[in-house]
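Okay, structure first, notes after.
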Amino acid sequence: MLNQIDPRVNRLAEAGDLAGALGLVGSFLPRYFTLNGLSGVDAAHDEQTVPRGRVGQPLLLRALNAGLATHSLHIHGNHVFTTAEIVSANHEVRVLNNIIEEDTWSMPPLMRRDLLLPFTKPPEIPDAAWPPRQEKFPLLYPMHCHNEISQTSAGGSYPLGLVTDWVIEGPL
């Protein structure tokens, strides 16, 4: 679950001033970004947040943007396949008939996507370079948002924003 925090909006909401908080939505300026309520190193070390698997064992991920900022998620070392998404206000799930491989996927506010992380060799990696021989399993790869501001905390502390890892534990 992706989320963003604008301290101005949060202060008003905590004080019970929901009308004031809603009035700031147009000038929403997130300063903190979370993945499952965690940021940066905390997200990368959380067993419930870090996808793990073995080569050839696909994993279904469900991504939900619960905030107001749009994200463009990117996973290193593999690609994903979007299988279903919710994009409308009436919360209808749209199962995709034409599943395509994606390097980066957009997550507008309140969108949900079901993604398949295949744990296989990405197409741009030469056959001779897979499986990796110089690196030892487990292989750790970063996952982050391509919107620069969300990789930081308070507009500059990197990597304390919307970043984590995913892990290939070993061969099948």
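Using beta carbons and a limit of 8 Å, which pairs, at least six apart or on different chains, have the first residue in segment 130-142 and without any contact (Cβ under 8 Å) to a residue 12 or more places away in the chain and the second one assigned to a loop (DSSP other than H, G, I, E, B)?
Listed by first residue and then by second, the contacts come to Trp130/Lys121.
Residues Glu85, Glu92: which one is open to solvent by less than 90 Å² (accessible area, probe 1.4 Å) and among the acidic types (Asp, Glu)?
Matching residue, one of Glu85, Glu92: Glu85.
Can you pull out the residues in segment 110-138 that are modelled with pLDDT of 85 or more and either in contact with a helix residue (DSSP H, G or I) (Cβ under 8 Å, 6 or more places away or on another chain) or surrounded by fewer than 15 Cβ atoms within 10 Å (Cβ to Cβ) (or both)?
If the condition is that a residue be modelled with pLDDT of 85 or more and either in contact with a helix residue (DSSP H, G or I) (Cβ under 8 Å, 6 or more places away or on another chain) or surrounded by fewer than 15 Cβ atoms within 10 Å (Cβ to Cβ) (or both), then Pro126, Asp127, Ala128, Phe137, Pro138 are the ones that fit.
Only one of (1) at pLDDT 90 or above; (2) in contact with a strand residue (DSSP E or B) (Cβ under 7 Å, 6 or more places away or on another chain); (3) open to solvent by less than 60 Å² (accessible area, probe 1.4 Å) is not met by Gly16, so which one is it?
Evaluating Gly16 over (1) at pLDDT 90 or above; (2) in contact with a strand residue (DSSP E or B) (Cβ under 7 Å, 6 or more places away or on another chain); (3) open to solvent by less than 60 Å² (accessible area, probe 1.4 Å) leaves (2) as the failure.
Going by the conditions given, is Leu68 touching a helix residue (DSSP H, G or I) at 6+ places or on another chain (Cβ under 9 Å), open to solvent by 60 Å² or more (accessible area, probe 1.4 Å) and not in a loop (DSSP other than H, G, I, E, B)?
Considered against the rule, which asks whether it is touching a helix residue (DSSP H, G or I) at 6+ places or on another chain (Cβ under 9 Å), open to solvent by 60 Å² or more (accessible area, probe 1.4 Å) and not in a loop (DSSP other than H, G, I, E, B), Leu68 comes out as no.
Based on this model, can you work out whether Ile75 counts as surrounded by 17 or more Cβ atoms within 10 Å (Cβ to Cβ) and β-branched (Val, Ile, Thr)?
Working: surrounded by 17 or more Cβ atoms within 10 Å (Cβ to Cβ): yes; β-branched (Val, Ile, Thr): yes.
When the stated conditions are applied, Ile75 passes them.
Answer yes if at least one residue in segment 139-156 is assigned to a loop (DSSP other than H, G, I, E, B) and open to solvent by less than 30 Å² (accessible area, probe 1.4 Å), and no otherwise.
yes
The values are calculated or read from the model by the stated rules, or taken from the named source; none is laboratory data. What you see is a predicted model; the values in this text were computed from it and never measured. Neighbour counts are summed over all protein chains in view; Cβ atoms, including those assigned to glycine, are modelled from backbone coordinates with ideal geometry. Calculation scope for accessible area: heavy atoms of the full protein, side chains included, ligands and nucleic acids excluded. Shrake-Rupley method; radii C 1.70, N 1.55, O 1.52, S 1.80 Å.
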